[in-house]
Amino acid sequence: MLKILFQDDYILAVHKPNNILVHHSVMANNQLEEKSLVQLLNDELGAKFYPIHRLDRKTSGIILFAKEKEFVKSFQNLFINNQIQKTYYGLVRGFIPEEGKIDSPVKGRDANVHKEALTYYKRIKTFEVPIKVGPYDVSRYSLVELEPKTGRLHQLRIHMNKISHPLIGDPKYGDRFHNRMFEEKFNNQAMFLHAKTLAFTNPFTNENHLLETDFPENWKRVINLLDA
């Protein structure tokens, strides 16, 4: 059963589990037999909802849907005009600096075009575990808060890799040796990127919202193991 975080006459905010598509597309036509988040919502609530933005299949966290198709554009404009504050959390390889920004273009959906992309990050906690990966006898990781100021495809995943602190469990931009260790030692197949909060003003009601969702149970389990 899906976790509904908030709803009013215009929007529905849902916790998206890891490894579920928001909706089917040409890019994911090999997974047509799997139910998308849109289909699961339709099944559970008996109504059609319209995604306002996207999360990668392997990203968990908060996502907004419009209750009517004509509401979508007004909410999408919040994202386009940087009038919505998004906060993500990630678990990355290595001890990341306490804070910083990554101002580096990434390829858009048209792979031949690079677009400006900006991410701010802040280190929340570090972990050191006595497990050998590669030449090192101990492995180091950081829990990091990420605030993207643009919304490019795979932006956070690319930016973390760009500064040599790739997200754990990222199959495309991550470190396969550390990903494999997490699978073998921690029974983890998930990517550690979680959309934690959204803050915005509803363009129809002028009501201010700060929506938040908890970490997945898998995050809590693995973090406890790292912190032991």
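Assorted remarks:
- Between 0 and 90 degrees, the angle of helix 176-186 with respect to the longest Cα principal axis of the chain falls at about 90 degrees.
- If R0 is taken as 45 Å, the Cβ-Cβ distance between Gln189 and Gln76 corresponds to a FRET efficiency of 0.90.
- The Cβ shell under 12 Å around Ile131 holds other residues with a net charge of +1, Lys and Arg each +1, Asp and Glu each -1.
- Dividing the Cα radius of gyration of the chain by its Kirkwood radius returns 0.97 for Rg/Rh.
- Counting only protein chain heavy atoms and rolling a 1.4 Å probe, the accessible areas of Glu70, Glu128 rank, largest first, as Glu70, Glu128.
- Computed label-point distance, nm, for sites His23 and Glu212 using a 7 Å Cα→Cβ extension: 3.0 nm
- A straight Cα-to-Cα reach below 18 Å connects Lys132 with the lysines Lys185, residues fewer than 8 places away in its own chain not being considered.
- 17 Å tail of the calculated P(r), region 184-224, as % of Cα pairs: 49 percent
- Ranked by the mean number of other Cβ atoms within 10 Å per residue, highest first, peptides 212-221, 137-146 order as 137-146, 212-221.
- The Asp103 and Lys69 beta-carbon pair, evaluated with R₀ = 45 Å, returns a calculated FRET efficiency of approximately 0.80.
- Helix-derived mean residue ellipticity, 222 nm - over the chain, DSSP H n ≥ 4, -39500 (n - 2.57), to 500: -6000 deg cm²/dmol
- Formal net charge of residues neighbouring Asp8 (Cβ-Cβ distance under 9 Å; K, R +1; D, E -1): -1
- Averaging 1/r over every pair of different alpha carbons in region 104-157 and inverting the result gives a Kirkwood radius of 13.4 Å.
- Ranking Leu64, Ala195, Ile4 by Cα position along the charge dipole of region 4-227, where only Lys, Arg, Asp and Glu carry charges on their C-beta atoms, puts Ala195 farthest toward the positive end.
- Placing a label point 7 Å from the Cα of Lys3 along the Cα-to-Cβ direction, none of the residues of region 143-177 has a backbone N under 15 Å of that point.
- Counting only protein heavy atoms and using a 1.4 Å probe, the accessible area of His178 comes to about 20 Å².
- log₁₀ of I(q)/I(0) at q = 0.15 Å⁻¹ - region 91-188, Debye sum with one point per alpha carbon: -0.61
- Sorted from longest to shortest, the spans of the Cα atoms of region 152-218 along the three principal axes equal 49, 28, 15 Å.
- About the Cα centre, charge dipole magnitude for the chain (Lys/Arg +1, Asp/Glu -1 at Cβ), debye: 600 debye
- All lysines inside 27 Å of Lys67 as judged from Cα atoms, apart from same-chain residues fewer than 8 positions distant: Lys3, Lys16, Lys35, Lys48, Lys58, Lys86, Lys149, Lys196
- Binning the C-alpha pair distances of region 81-128 at 10 Å intervals from 0 yields a P(r) profile of 20, 40, 31, 8 %, listed from the shortest bin outward.
The values are calculated or read from the model by the stated rules, or taken from the named source; none is laboratory data. The shown structure was predicted, so the numbers you read here are calculated from the model rather than taken from an experiment. Counting neighbours? That spans all protein chains shown, and the Cβs are built from the backbone with ideal geometry, glycine included. Heavy atoms of the whole protein, side chains included, go into the accessibility calculation; ligands, DNA and RNA do not. Shrake-Rupley method; radii C 1.70, N 1.55, O 1.52, S 1.80 Å.
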